[in-house]
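Everything on this sheet refers to the single structure shown next.
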Amino acid sequence: MALKLNKQFTLAELATNIGAELSAIVNPNIVIDSIEKLETAGPGSISFCTHASYHKLLETTNASAVLLAESEAETCKVPVLISENPRLALAKLLGLCVPDVSTEAVDLIHPSAVLGANVTLGRNVKIGPHCTVGDNCSLGDDTVLKANVVLYHGVTLGKRCAVHSGTVIGSDGFGYAVDEKGNWVKMPHLGGVIIGDDVEIGSNTSIDRGMIDDTVIGNRVIIDNLVQIGHNVNIGDNTAIAGCVGIAGSATIGKYCLIGGASSIAGHISLADKVHITATSAVSNTINKAGVYSSGLPARENSDWRRSVARFLTIDSMAKRIRDLEKTIITEAVTNNTQNGYKK
Amino acid sequence: MALKLNKQFTLAELATNIGAELSAIVNPNIVIDSIEKLETAGPGSISFCTHASYHKLLETTNASAVLLAESEAETCKVPVLISENPRLALAKLLGLCVPDVSTEAVDLIHPSAVLGANVTLGRNVKIGPHCTVGDNCSLGDDTVLKANVVLYHGVTLGKRCAVHSGTVIGSDGFGYAVDEKGNWVKMPHLGGVIIGDDVEIGSNTSIDRGMIDDTVIGNRVIIDNLVQIGHNVNIGDNTAIAGCVGIAGSATIGKYCLIGGASSIAGHISLADKVHITATSAVSNTINKAGVYSSGLPARENSDWRRSVARFLTIDSMAKRIRDLEKTIITEAVTNNTQNGYKK
Amino acid sequence: MALKLNKQFTLAELATNIGAELSAIVNPNIVIDSIEKLETAGPGSISFCTHASYHKLLETTNASAVLLAESEAETCKVPVLISENPRLALAKLLGLCVPDVSTEAVDLIHPSAVLGANVTLGRNVKIGPHCTVGDNCSLGDDTVLKANVVLYHGVTLGKRCAVHSGTVIGSDGFGYAVDEKGNWVKMPHLGGVIIGDDVEIGSNTSIDRGMIDDTVIGNRVIIDNLVQIGHNVNIGDNTAIAGCVGIAGSATIGKYCLIGGASSIAGHISLADKVHITATSAVSNTINKAGVYSSGLPARENSDWRRSVARFLTIDSMAKRIRDLEKTIITEAVTNNTQNGYKK
């Protein structure tokens, strides 16, 4: 599927628009009217390469030009627009397409949305169909709630935030006491949720309100779909949290962290700034130092995996047998040496 | 709880209706008016066995008849209806019950649903309360959206699809560039979502739209609850995806795959046709061959598990110690042999 | 953020109200008007300690008093209210704060909610905006559905239940037969969902209806956000299920169980009463005995983790090499003993 640009551009014009450079040998007057992926691109289309796995397509593409990093340009058989940051340039390139229509375009506040008392809305706030916004919420300028979003009372969103459908912000945290009969007694949740500027939150994500203090999400944080953020979690500026992540209550995540998909962060622990948790990891202890951290085992053929698991269940015995072997060898060595008459 | 059939059937009639056979010695005129599980079934009820763990109940059930595979019939003390595919026969049997009422029966398009511009609806489409359907969506004949479903703009659903409540289709993918200041810049998401015929999608599932091309889900795909499907994922016909699975962006899943519950599939990888991923597995590399693949470790007593984890954290040292032992043994053997005078 | 109590209390009055005791040396007439965390509390505030990681703050807090267990009181430099159950006492203390407003305060049944036929509502039931309640549902006295909750038909909730936003109860289970062409055939789901009294269910959770019998959740069960509960699951009284847990179809969970966050429970298995599954565990077999059970590996530095995984993939070979070493050692020992002339 070719995406049409909103007008025809020469390669030179495109380069200017997206902050890229033409490689020296390229004709700057080539006309481009669309964006298309490497496999299917043809004359008039500019293409791109978002992942190393597509590099081999650079040798065969029929695109009129390709947007690339300098290091990737060699293997490309067609004209190249060079960018130091090709992903950022692609974002700008996509911004030159005809804007698509979108659900909430017609009404700023959809008539089916329900707003509580004392809600503060900045300029150009958009609230989609079937949203519910509780009392005392505040939404900064240019913030958007897509359809079917729920904000409980006392939720603050900064400027230029986007919250996708099905997401719930401000539900009570999972906090209970146990009474003398062994029954659960709900802890009242009297804190709120404070979210900074330029935060984007995906669909069907849950962010709980704080028990006493607030749950806090910094500026420029990006959160994917189906993420669970417990009560009193604190997330630093510019951190990214991928899909299906669970962050338990009172965890503190630093700035510029990357939390890979399907990972879990235990409650009451801290992650330093610039910690990168790779996908499907389980973090159970505080991490004080920037770096990359991982856990989990990769899938393999079931029969191999079954054998490995069976062995893993005996790993304690394996370790003891190694120790026994080491002891025996030393004893043997001593014995042999003694027997052979050259004890030192 | 006995489920009432919509009329009385003789065993012979039931067999005909559901494509099963009477075992030779059974009286075909036994009258059946209800379906009930093995433990509680009595005269007039037909029962079934959906899992091997219930086989032992075949010896004690008081059902008037039981629907079984031929291989299971031996141990059963009561009359048997034999089917080559008892689960399929049970589906047909349940189809003979009095149909239950359902939420969306009254209105084809519930008046509280919000539909955008240029939405195309096939014959007999049902849209439940509080649904939001964006501009330029298309729903094929007999497709059903249960209550509180959200389709963003540009989502295509084929014929006879069912989408359960809370599911969001077409939200923006989790794609960002990083600018010169280290801040996230959102990638425009200009692709759509294309879903084939006869697809069922559970509740609270999220399916993101493509960035440039579409996210594509084939025909007869079944998807459970709380599943995350990233942007530009491609899922082949007849694949089944169980609950709590996360599939990262640009992954390609083949046809007739089975993805077990709580599994994760990394981005930009491919799974061949007929790949079966068992529950709670983490797939991080392309799988080119049909087969069963697994990862993860099963839960065990906490004290055993703690010991095993402590050992696992030293597994690299264990491997080195084995190597050292092997070296020592060989040296010893050579030394001993030399010392004992029969070096070969 | 200080939480204001609804009036001023002396420490003696507070102690009486929340079932705590004053330590002997404390002035009972100290006046308290607010609750605040240890770091920021000052004169007039009472504080608390919800997690061992905050103990060190007891030495430096400026609170007028702190609510503690007797064993924690020693290290505290300020007046202490002693409770056998400080978490329960804190719940009571929070109950003395000015009640916050909440979304559903105005209407018992919000006018935007859609109710089916034959719905039974107890006294003081509250149903929030954009909820959908199917035919034949029943909600007991004082039960609350927050905004955007969906109950399919035939769902029964007991008294004093709370269901948070985005949660879906009664969607069809993930059950299919396979027909002769290899295509999925949906199993009709004719059972319902029965939920006891005093159950709280978090946001964006999915609970499927039974296929023939009901899905059953006992009294005083607490369930967190983004939890998946499959068809025909049975959960005993007083069990707690943390966020992001998946429970596959027909699993039976006992009473007083604790299921840690991001854990998975396989289908058709049982957990005895008082089983505690720690976070991120995968339970694939029946557990017959109360106790603590775990699986999973904790995150560590990526380079260490990569080395460990590489070794793990050879664990079967490691075990065989240990066996070989053991055999060699025995052979050596026998050989040496024979050669050395003292064979016994």
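Some points to look at:
- Looking across region C:87-102, just one residue is at pLDDT 90 or above and touching an Asp or Glu at 6+ places or on another chain (Cβ under 8 Å), and that is C:Leu88.
- Test: residue in region A:130-144 that is crowded, with 24+ Cβ neighbours inside 10 Å, under 24 Å from A:Asn238 (Cα atoms) and touching a Lys or Arg at 6+ places or on another chain (Cβ under 8 Å): yes
- Filter pass, C:Thr75 being crowded, with 22+ Cβ neighbours inside 10 Å and polar (S, T, N, Q): no
- Per-region count, region B:222-235, residues open to solvent by 10 Å² or more (accessible area, probe 1.4 Å) and in contact with a Phe, Trp or Tyr (Cβ under 8 Å, 6 or more places away or on another chain): 2
- Residue count for region B:159-184, restricted to those that are surrounded by fewer than 24 Cβ atoms within 10 Å (Cβ to Cβ), on the phi > 0 side of the Ramachandran plot and at pLDDT 95 or above: 1
- Region C:34-52, residues that are assigned to a loop (DSSP other than H, G, I, E, B) and open to solvent by 30 Å² or more (accessible area, probe 1.4 Å): C:Lys37, C:Glu39, C:Thr40, C:Pro43, C:Thr50, C:His51
- Inter-residue pairs, beta-carbon under 9 Å, first closer than 23 Å to A:Ser112 by Cβ and at pLDDT 95 or above and in region C:124-149, second part of a strand (DSSP E or B) and among the basic types (Lys, Arg), 6+ apart: C:Val144/C:Lys126; C:Leu145/C:Lys126; C:Lys146/C:Lys126
- Residues (open to solvent by 30 Å² or more (accessible area, probe 1.4 Å), farther than 21 Å from B:Asp213 by Cα and either among the small types (Gly, Ala, Ser) or facing chain A (nearest Cβ under 9 Å) (or both)) located in region B:237-261: B:Cys244
- When residues of region C:200-219 are limited to those that are within 12 Å of the chain's Cα centre (by Cα) and buried (at least 24 other Cβ atoms within 10 Å of the Cβ), the one farthest from A:Asn225 (Cα to Cα): C:Ile201
- Among the candidates C:Ala262, C:Ala279, the residue that is under 26 Å from C:Asp172 (Cβ atoms), within 14 Å of the chain's Cα centre (by Cα), in a loop (DSSP other than H, G, I, E, B) and aliphatic (A, V, I, L, M) is uniquely C:Ala262.
One line per residue, one yes/no per condition, for (1) surrounded by fewer than 17 Cβ atoms within 10 Å (Cβ to Cβ); (2) assigned to a loop (DSSP other than H, G, I, E, B); (3) among the aromatic types (Phe, Trp, Tyr):
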position: A:Ile25; (1), (2), (3): yes, yes, no
position: A:Asn29; (1), (2), (3): yes, yes, no
position: A:Ile32; (1), (2), (3): no, no, no
position: A:Tyr54; (1), (2), (3): no, no, yes
position: A:Leu57; (1), (2), (3): no, no, no
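- Selection within region B:188-198 - touching a His at 6+ places or on another chain (Cβ under 9 Å) and either modelled with pLDDT of 95 or more or under 18 Å from A:Ser83 (Cα atoms) (or both): B:Gly192
- Whichever residue in region C:1-23 is in contact (Cβ under 8 Å) with a residue 24 or more places away in the chain and polar (S, T, N, Q) and, among such residues, is most open to solvent (accessible area, probe 1.4 Å): C:Gln8
- Near pairs, Cβ below 7 angstrom, 6+ apart or cross-chain, from region C:296-314 (within 8 Å of chain A (Cβ to nearest Cβ)) to any residue that is among the aliphatic types (A, V, I, L, M) and open to solvent by 30 Å² or more (accessible area, probe 1.4 Å): C:Asn302/A:Val292
- Test: C:Ile265 is more than 8 Å from chain B (Cβ to nearest Cβ), of a type in the set (Val, Ile, Thr) and buried (at least 21 other Cβ atoms within 10 Å of the Cβ): yes
- Here B:Lys289, B:Lys274 are screened, and the one residue that is among the basic types (Lys, Arg), closer than 23 Å to B:Cys244 by Cβ, open to solvent by 60 Å² or more (accessible area, probe 1.4 Å) and modelled with pLDDT of 95 or more is B:Lys274.
The values are calculated or read from the model by the stated rules, or taken from the named source; none is laboratory data. Everything numeric in this text was worked out from a predicted model, so none of it was measured. Heads up, the Cβs are rebuilt from the backbone with ideal geometry, glycines too, and the neighbour counts pull from every protein chain shown. Note: accessible area is taken over every heavy atom of the protein model, side chains too, but ligands, DNA and RNA are not part of it. Shrake-Rupley method; radii C 1.70, N 1.55, O 1.52, S 1.80 Å.
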